[in-house]
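For reference, the structure is listed below as structure tokens.
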Amino acid sequence: MSATLRITEIFYSLQGEARTVGRPTVFIRLTGCPLRCQYCDTAYAFSGGITWKLDDILTEVKKHSTRYVTVTGGEPLAQPNCLPLLSQLCDAGYEVSLETSGAMDVARVDPRVVKVLDLKTPGSLEVARNLESNITLLTPQDQVKFVICDQADYQWAKAKVAEFDLDRKVSDVLFSPSNQKLEARDLAEWILADHLDVRLQVQLHKYLWDNQPGH
Ligand code: SF4
């Protein structure tokens, strides 16, 4: 029997975050997440979804003329068959990124995949789920993302960047203001005041499409 995954949606849009922001990308959103971050904007992916064969996912992705594919969730690594999907996408020639909560072991992720790894701040209410062993598995092509809810989260994130030398270890350290909790301008001013070598990111898809599913 061929391998399957539970999928909430597959859609073509502009990348809203990270280093390829603004680039046309196919998104594969896997169903399910073991975390419950208080700011989660994809709770619709916690359950439901449709079972897809991996071959059919590849066929669906091919319908869109794209170089970039992002596998996201939910928490994609909560489904073991995410790993062969990532490798098959790489084999097919796509530039593949994986958005992961940081709570699941990334050791077996195909090394060709760009990992966009969250470190959950105290404000997420899921800080205890961070699997710090993942940090040693990051490579220079990877990215680390902090969603920052307030000044305390900012100080926590800044300390983690220094503790793990993240701004030298990965290609981008991303500081994102939590939607409706922190003004992007406040975060920008803190970053400048502290001369941090991190990238402020605002979520492009929220500006363009107000975070509706399918975008
Ligand atoms: Fe939502 Fe992501 Fe947190 Fe899961 S890890 S609850 S999908 S923000």
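Readers should treat all values here as calculations from the given coordinates under stated rules, not as data from a laboratory. This one's a predicted model, so the numbers in the text were calculated from it and none came from an experiment. A quick note on method: Cβ atoms are made from the backbone with ideal geometry, for glycine too, and the neighbour counts reach across all protein chains shown.
Observations
- Cut-off 14 Å between beta-carbons: net charge of the residues surrounding PRO24, Lys and Arg +1, Asp and Glu -1: +2
- Checking the Cα-Cα distances for LYS63/LYS160; LYS62/LYS160; LYS145/LYS206; LYS53/LYS120; LYS115/LYS160; LYS115/LYS206 against a 29 Å cut-off, the pairs over it are LYS63/LYS160; LYS62/LYS160; LYS53/LYS120.
- Cα gyration tensor category, rounded, prolate or oblate, for region 1-110 with a/c compared to 1.5: rounded
- Helix-only mean residue ellipticity at 222 nm for the chain, each DSSP H run of n ≥ 4 adding -39500 (n - 2.57), per residue, nearest 500: -7000 deg cm²/dmol
- With the convex hull drawn over the C-alpha atoms of region 4-209, the volume per residue is 110 Å³.
- ALA193 versus TYR12: modelled label distance in nm, points set 7 Å from Cα along the beta carbon direction: 4.6 nm
- Length gained on full extension, SER47 to TYR207, computed as 0.36 nm times the residue gap minus the Cα-Cα distance: 55.0 nm.
- The chain: antiparallel DSSP beta bridges as a percent of all, rounded to 5: 30 percent
- Counting only Cβ charges, +1 for Lys and Arg and -1 for Asp and Glu, the dipole size of the chain around its Cα centre is about 420 debye.
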